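Shown next, in structure tokens, is the structure this report addresses.
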Amino acid sequence: MNEIDPRLLEGLRALASDGLREAPVSVETRLLGELRKRRKVARRNLWIALGSGTLAAAIAIAMLLGSRPAPGVVTPASAVQESAQADDDSMDDFYRLPDTDYLPPMESAMVVRVQLPVSSLRLMGLPVSEEQAGDSVQADVLLGQDGLARGVRLVE
Amino acid sequence: MSNVQTNGDSDLLRLISRGDEDAFLTFYRRYQGPVYRFALQMSGKVEIAEEVTQDVFMVVMRSARQYDAKRGSVAAYLYGVARNFVLRRLEQERPYLTALDDPESEYAGVAASDQDPLADLTRNERVEGLRKAVLALPPAYREVVVLCDLHELDYAEAATALECAVGTVRSRLHRARALLTEKMRAEERCAV
């Protein structure tokens, strides 16, 4: 323990108890304002993050559903062909998928070969027997520049 | 507010890291006084004390999670943060101007009146004289006197706040007290 002059000790005690000051209220007010601002920014960032996540998920789902010619695509593409220019003539060989009329005209097209369950051909209006429903069939899917499927063509 | 007033510091800091306003207010009101007084006693300037207090609690607001109870008490942590801000501010000030010489200093008027050698050493004058003497100490000595003698931190807590060894605190305090005693006696001789 350090030795201390008794009179110095007395003086230091007096100094310690003298002027037990506190920060002015303005400091607290400024800090509270800053805290509220930070909370607001944090809340906004959270909403942006949630919104971005939701939007990304929605786009992914939309692309998945939109590019799928029919429920139950079971295998990935085995071949891809790309056409720089496409018009309605390129649809000649394809069955037009239902509900594609609202889609924008094709500016470019891509053909993806997939394995489809035979049962999905019913969605295109083709007759499918119950015996064949469990089989799969190779088909080309026509995708527009937006990645959405416009038509399907049976390979086999 | 009443829900968090009895919370411990660690709980408050956890809540503050989530942006809890009541927790922040409770924590601020618990510690603003010591932080403010430390900054004032170290700098001798009200405006520096206010700025440092604000800066310290901004750090708390931003990084409450970073406090590690294993490394020392909350008070030591806050004094350490405050000390860094004070030293930075003092470095930014004119290097040859002490708080006593600065006309903007809170204690400037007191210093002028103390120059009268015939004045009685009343208690208030002794306190002011000592305050001056503390402010005139080199920062490394001043901070140990402020922490250990004015804020009554033990050596270990002061060492945590100052990020130095306990032995360093002890030796600096010994030297600082010797300087203050010497100064006090010199003033008394002048007054006689």
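FYI, it's all coordinate maths here, none of it is from the lab. As the structure is a prediction and not an experimental result, all values here were calculated from the model. Cβ: placed from backbone, ideal geometry, glycine included. Neighbour counts: every protein chain shown.
Brief remarks on what is shown
- For the range B:1-95, the Cβ-based charge dipole about the Cα centre amounts to some 280 debye (Lys, Arg positive; Asp, Glu negative; other atoms uncharged).
- For the range B:16-72 versus the range B:149-183, the gap between their alpha-carbon centres in whole angstrom: 22
- Integer Hz, Karplus 6.51/-1.76/1.60 couplings in order for the range B:56-67, x for Gly and Pro: 4, 7, 5, 4, 4, 4, 7, 9, 4, 5, 6, 5
- Backbone amide hydrogens, once placed in the peptide plane, bring A:VAL137 within less than 5 Å of A:LEU116, A:VAL118, excluding anything fewer than 5 places away on its chain.
- Within the straight-line cut-off of under 30 Å between alpha carbons, the lysines reachable from B:LYS132 are B:LYS45, B:LYS183, sequence neighbours fewer than 8 places apart in one chain being disregarded.
- Working note: Karplus 6.51/-1.76/1.60 with θ = phi - 60° gives the range B:130-135 the couplings 5, 4, 4, 5, 5, 5 Hz, where Gly and Pro are set to x.
- In order along the range A:145-155, phi translates into HN-Hα couplings of 5, 8, x, 8, 6, 10, x, 9, 10, 7, 8 Hz, rounded to whole numbers, per the Karplus curve 6.51 cos²θ - 1.76 cosθ + 1.60 with θ = phi - 60° and x for Gly and Pro.
- Sequence-distant residues sharing a close amide H with A:LEU143 (under 5 Å, placed H): A:MET110, A:VAL111, A:VAL112, A:ARG150
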